[in-house]
Amino acid sequence: MNPVTENVIRSSFVNCSKGETRRLTVPRGLPELPWPDLDFLGWRDPGAPERAYLVAERGGAPVGVALRLGQEVRRSFTKSTLCSVCVTPHAGTGVALFTAPRVGAAGRQGNTVGAYMCSDLACSLYVRELKQTELGVRFESLTVPERVARAAANLDAFLDKVLDDTLA
């Protein structure tokens with residue numbers, strides 16, 4: 001992902017009001033983020049932990065989506081839970097349901113789209129093996145570039161649903 005500034009981040013949001021974008025907390029240290037290793041910028045609001053935000057490049061421009069934390073998946077001793085974006089297995093509360101209001105009339109009517117994602121929204125780092133889950137090392141036959149491509153396709157599919165206001 002190309003580096004973005006606070007102003008670019010705030011102007012990129014498509015599913016919330018201008019007032020909401022003015023009030024959202026932008027991550028600190030934007031210049032120091034590992035931009036070459038990020039496929040999208042995702043963060044949770046430290047002042048409102050049920051809120052999260054995601055900014056991804058689509059068509060050469062950043063698109064921001066406001067998210068709400070639904071429920072975190074609770075620890076299970078018999079199975080792990082997969083992130084639907086990066087397909088990284090997590091135990092405990094490493095995966096959470098995030099919902100996003102849809103754009104346009106559908107969103108104004110209260111329609112949302114949900115996906116189970118890494119609760120820290122660090123999918124880009126997990127697929128590149130720059131961050132490990134509590135389960136340790138990944139055991140997967142795909143190469144890092146193949147995992148990056150799969151995560152990008154999964155994120156695009158989620159964003160397609162958020163951005164399509166014609167679905168009922």
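None of the figures in this text is laboratory data; all of them are computed from the coordinates on show. Everything numeric here is computed off the predicted structure, so don't read it as measured data. Neighbour counts are summed over all protein chains in view; Cβ atoms, including those assigned to glycine, are modelled from backbone coordinates with ideal geometry.
Some points to look at:
- Dividing the mean sequence gap of close Cα pairs (under 8 Å, 6+ apart) by how many residues the chain holds gives a relative contact order of 20 percent.
- Relative to the dominant Cα principal axis of the chain, helix 144-163 is inclined by about 30°.
- Over the chain: helical MRE at 222 nm, DSSP H runs n ≥ 4 each giving -39500 (n - 2.57), nearest 500: -7000 deg cm²/dmol
- When each of the peptides 156-162, 17-23, 100-106 is scored by the mean number of other C-beta atoms lying within 10 Å of its residues, the order from highest to lowest reads 100-106, 156-162, 17-23.
- For Arg51, nonlocal amide neighbours, meaning residues 5 or more places apart or on other chains whose placed amide H falls under 5 Å from its own, are Asp45, Leu69.
- Charged neighbours of Ala48, selected by a Cβ distance under 15 Å, balance to +2 (K, R count +1; D, E count -1).
- Scanning residues 5 or more positions from Val95 or on other chains, those with amide H under 5 Å from its amide H are Val73, Ser119, with H placed 1.01 Å from N in the peptide plane.
- Net charge contributed by nearby residues that have their C-beta within less than 13 Å of Asn2 (K/R +1, D/E -1): -2
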